[in-house]
Amino acid sequence: MRKYLQDSRERPRKEGFFYECLKCGDILPSIGKNSRCTCHNVLVDDDYGRVSILDPLAVRSFEEVI
Ligand SMILES: [Zn+2]
């Protein structure tokens, strides 16, 4: 199941943690590779170890827990 993070200002990067763009519906893993969603709202920059979000209100983040 998905455990959603309540405080959207936090940008954790760890195994099993994902960012979901509500504009285009893409889900990006928070670590492991450079990736960006279809509408470019969310950018995971693995080289620099950061997550950039243009519109935080259109993003949810969650941890996949068993
Ligand atoms: Zn998007």
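Worth pointing out:
- Criterion: more than 16 Å from the ligand (Cβ to nearest atom) and surrounded by 12 or more Cβ atoms within 10 Å (Cβ to Cβ) - qualifying residue of Arg13, Arg9: Arg13
- Residues that are more than 10 Å from the ligand (Cβ to nearest atom) and either within 9 Å of the chain's Cα centre (by Cα) or surrounded by fewer than 16 Cβ atoms within 10 Å (Cβ to Cβ) (or both), drawn from region 54-65: Pro56, Leu57, Arg60, Ser61, Phe62, Glu64, Val65
- Scanning region 16-40 for residues that are in contact with a Pro (Cβ under 9 Å, 6 or more places away or on another chain) and either under 15 Å from Glu63 (Cβ atoms) or near the ligand (Cβ under 10 Å from one of its atoms) (or both) yields Gly16, Phe17, Phe18, Tyr19, Ser30.
- Here is the figure for region 16-31: residues that are small (Gly, Ala, Ser) and either modelled with pLDDT under 95 or surrounded by 15 or more Cβ atoms within 10 Å (Cβ to Cβ) (or both) total 1.
- Condition met for Asp26 (of a type in the set (Asp, Glu) and touching a Cys at 6+ places or on another chain (Cβ under 8 Å)): yes
- Enumeration of residues in region 41-53 that are charged (D, E, K, R) and either crowded, with 16+ Cβ neighbours inside 10 Å or within 15 Å of the ligand (Cβ to nearest atom) (or both): none
- Residues located in region 54-64, provided they are closer than 14 Å to Pro29 by Cα and not charged (D, E, K, R): Val59, Ser61, Phe62
The values are calculated or read from the model by the stated rules, or taken from the named source; none is laboratory data. Remember, predicted model here, so these are calculated numbers, not experimental data. Cβ: placed from backbone, ideal geometry, glycine included. Neighbour counts: every protein chain shown.
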